[in-house]
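Peer 1: Take a look at this one; I'll ask things after.
The values are calculated or read from the model by the stated rules, or taken from the named source; none is laboratory data. Not measured: the values here are computed from a predicted model. Every residue, glycine as well, gets a Cβ built from its backbone with ideal geometry; the counts of neighbours run over all protein chains shown. SASA here: full protein model, heavy atoms, side chains in, ligands and nucleic acids out. Shrake-Rupley method; radii C 1.70, N 1.55, O 1.52, S 1.80 Å.
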Amino acid sequence: MATLLPPPKRQKVYYGVPEPDPEPIQPSLNIIVQFVNEQDGAPIAPAVNLPAGVARQTLEALEDEDHVPFAFHVALPEDATKPNAPTRIVISKSIQEDVLNHPSQAFSEENILIIRCAPQSVFKVRPATRCSSTLSGHSSPILCASFSPTGALLATGSGDTHVRLWDLNTETPSHTLVGHTGWVLCVEWDPIERKLATGGHDGHVRLWDPKSGKSIGDAMKGHSKWVTSLAWEPVHINPTASRLASSSKDGTVRVWSTATRRLEYALGGHTASVNVVKWGGGGKGGKGVLYTASSDCTVRVWDAQGGKQLMILKDHAHWVTTLALNTDFVLRTGPFDHTAKRPATDEEAQTLASKRYDALVSRTPELLISGSDDHTLFLWSLFSVPESEGGRSKPVNRLTGHQRQVSHVAFSPDGRWAASAGWDSAVRLWDCTGGSGTMGKFVATLRGHVGPVYRVAWSADSRMVVSASKDHTVKIWDLKTYKLKNDLPGHTDEVYCVDFVADKVVSGGRDRTVKIWKN
C-alpha cells in the first residue's frame, strides 16, 4: 500500500488586508562580561563574550549548572551616580535592557562589563524520601503544625483540645500543653523561640513556655467566637516583648501585649469572619503593618502602631481565605539563619533579624498574595509607590488558573516564587520577580494529587515544594522539572497540615498521627 503524505500546510489568508511586513530582527550586540564575587571582588571565571540580550536566567545557568539562585548587579561609576539615587544597577531582565539602556548612559558595548554575583542560597536541602518516625499521642485529628524558628521543636494542635510539643532531634514527645477547652485551630511560634501562642475553638488565646511546657499566665479572653489565626510582631521591630495579633470568626482582630497579657486594641472594620491575619515588617517608616483577610470579600491593611486602617482591598468576588507575604520566612525565623547561631542579647537578635529582612526587601519590596474562594489570587505591592502617587491599592497582577477554591498560598523563603494549592487537586507556581508587567507570571501546574490540596510548604533553599492533600499523601515537587520528586504515602486518612524545616518534613492529619519524613 502506498504511503500517504500529509496534506500541505494551509497558507494564512489575510482576506483583502495586505500582508504585514515581517518584523525586522533586532541586531543583538555582543559584550565582554567579567563575573566577580560580590563579597571580595575576585573573578569567578575568565571574561566571556556574551550577547547583550541574554536573559538573567541564562546568566544563572552560566554560573552554576545546579540552579543556585544568583543575584546580579553592576556598580555605577561615581561620576554617574546622583545624590540619594541607587549606586548599582540590578540585572532583572537582561544586560541590554537594564545596563546598556540605563538612563545614566554610563555603559556601552565597548566596556568590559564587571557583573557582581551573589548566590541567594548557599546550602542545599536534601529531599525527604522515607518516614523516620510515626508519633502517636493525639486522640483526635491534628489540625495545625508548626516548626519552631530553629527547627528544634514542633508544635501540633488537635481536636482533642491539647497542644503537643515534639523534640525533632530525638523525634520523641516533649510536652503536652493542656488548657484549651475546644479544638486547637492554630499554633504560632515567637520568632525568638521563647514563647508559643495557640488559639482555639473556645475563643481563647494562650501563651506557653516551650522549655517547661507550662502556661504563661491565664488565657487571653475577648473573642466571642473561635480564633482562626495568629501572628507575632516581627523581631526587627520589637525584640523584647513582641505583641501578638489574633483573628477570629467574630469579625475582629485583637492585638495583645504579651508582657502584660492585656488587650492593646481591637480592629473592628470587617463585617464577617476574619480568616487570617499577617504582621508585615513594612508600612510607613518600617513600623509594621497588619494585613487581614475576611469572608466579607475584602483584605484590609492596618497601621500596627495604633490600629488605624490604611487601605481596603475589594477586588475579590468571594471569601478571602489565605494570605502570604514574601517576607514570611524571614519574619517567622527572625534572627536564625541556616547556621542556627543563637543571639546572646535582644539587641543582637534585632540586628540579625533586621539585616535578614532588609536584605530581602532590598531586592523586592514587601509583596502580599491573597487567595480566595473565587478561584483566583491577587498579588499586591502596597508600599512600593510613594503615598503622593495614587493607585497603590490596586493589585500588581491577578493570578488565574485554579478551577476551584484556593485553599492555601505560600511564598518561597527567597521571595521569588509563590505556590498556591487548590481544591482542584493542583499546585500552581508563580514567578514573583520582575517588573509590574511580569510579576506574578504563571510558571507551571504541579499535578499528581487525586484530591483537594490543603497546604503547601517550601524548603529553606527555595528549591522544593511539599504539599498535603485529602488523598492521604504528602508529595515533594522538583522545581527544575516541575514534576513529582518524591511521593510520601503512609497516612491512612486526609493530611491537613505539613511543614518543612532543614531536611525534615512533618505532616499530620485525620489519622491522629504525626509523621516525620527525612532523607
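Peer 1: Return the long-range amide H neighbours of Ser462 (sequence gap of 5 or more, or a different chain), with a cut-off of under 5 Å between placed amide H atoms.
Peer 2: Long-range HN contacts for Ser462: none found.
Peer 1: 5 Å is the cut-off here: which amide hydrogens, built 1.01 Å from N in the peptide plane, fall below it relative to Ile114, excluding neighbours closer than 5 in sequence?
Peer 2: Gln34
Peer 1: Say each of Ser362 and Ala55 gets a label point 7 Å from the Cα, pointing the same way as Cα to Cβ; how far apart are those two points in nm?
Peer 2: 2.7
Peer 1: Moving on to the next point. May I ask you to give the percent of accessible area on the stretch 323-434 that is carbon plus sulfur, with a probe radius of 1.4 Å?
Peer 2: 48
Peer 1: Next question. How would you order 401-412, 333-344 from highest to lowest mean count of nearby Cβ atoms within 10 Å?
Peer 2: Descending mean neighbour count gives 401-412, 333-344.
Peer 1: Continuing with this model, one more query. Over the chain, consider all pairs of different Cα atoms and compute the Kirkwood hydrodynamic radius from their mean reciprocal separation; express it in Å, one decimal.
Peer 2: Across the chain, the inverse of the average 1/r is 24.7 Å.
Peer 1: Pull out a ≥ b ≥ c, the square roots of the eigenvalues of the alpha-carbon gyration tensor of the stretch 320-412, then state rounded if a/c is under 1.5, prolate if not and a/b is larger than b/c, and oblate in the remaining case.
Peer 2: Values: a/c = 3.43, a/b = 1.64, b/c = 2.09.
The shape class here is oblate.
Peer 1: May I pose another question? Need the C-alpha centroid separation for the stretch 220-272 versus the stretch 134-182, integer Å.
Peer 2: Rounded to whole Å, the Cα centres lie 22 Å apart.
Peer 1: Under a 5 Å amide H to amide H cut-off, with H placed in plane at 1.01 Å, what residues pair with Val443 once short-range neighbours are removed?
Peer 2: Residues meeting the criterion, in which the H sits 1.01 Å from N, are Leu429, Trp430, Asp431.
Peer 1: In addition: Within the set Lys93/Lys284; Lys483/Lys504; Lys284/Lys483, which residue pairs have Cα atoms separated by over 32 Å? Mind showing how you got there, number by number?
Peer 2: Working: Lys93/Lys284 29 Å; Lys483/Lys504 20 Å; Lys284/Lys483 41 Å.
Too far apart for the 32 Å limit: Lys284/Lys483.
Peer 1: Take Thr240 and Ser132, extend 7 Å from each Cα along the Cα→Cβ direction, and tell me the distance between the two endpoints in nm.
Peer 2: Result for the modelled spin labels: 3.9 nm.
Peer 1: Could you rank Asp511, Asp21 by how accessible they are, 1.4 Å probe, largest area first? Provide the component values of the computation, followed by the final result.
Peer 2: On the way: Asp511 25, Asp21 135 Å².
Largest accessible area first, the residues go Asp21, Asp511.
Peer 1: Translational diffusion coefficient of the stretch 184-284 at 37 °C, 0.692 mPa s, Stokes-Einstein with Kirkwood Rh over Cα pairs, in µm²/s as a whole number.
Peer 2: Approximately 243 µm²/s, per Stokes-Einstein.
Peer 1: I would also like to ask the following. Over the chain, what is the relative contact order in whole percent, taking alpha-carbon pairs under 8 Å and six or more residues apart? Spell out each step's value before the answer.
Peer 2: Working: 1379 pairs, mean separation 55.8, N = 519.
Once divided by the residue count of the chain, the mean separation gives 11 percent.
Peer 1: How many Å² of accessible area per residue for the stretch 180-303, probe 1.4 Å?
Peer 2: 34
Peer 1: Continuing with the same structure: Provide Ile312, Ile115 ordered by accessible surface of protein heavy atoms (probe 1.4 Å), highest first.
Peer 2: The ordering from most to least exposed comes out as Ile312, Ile115.
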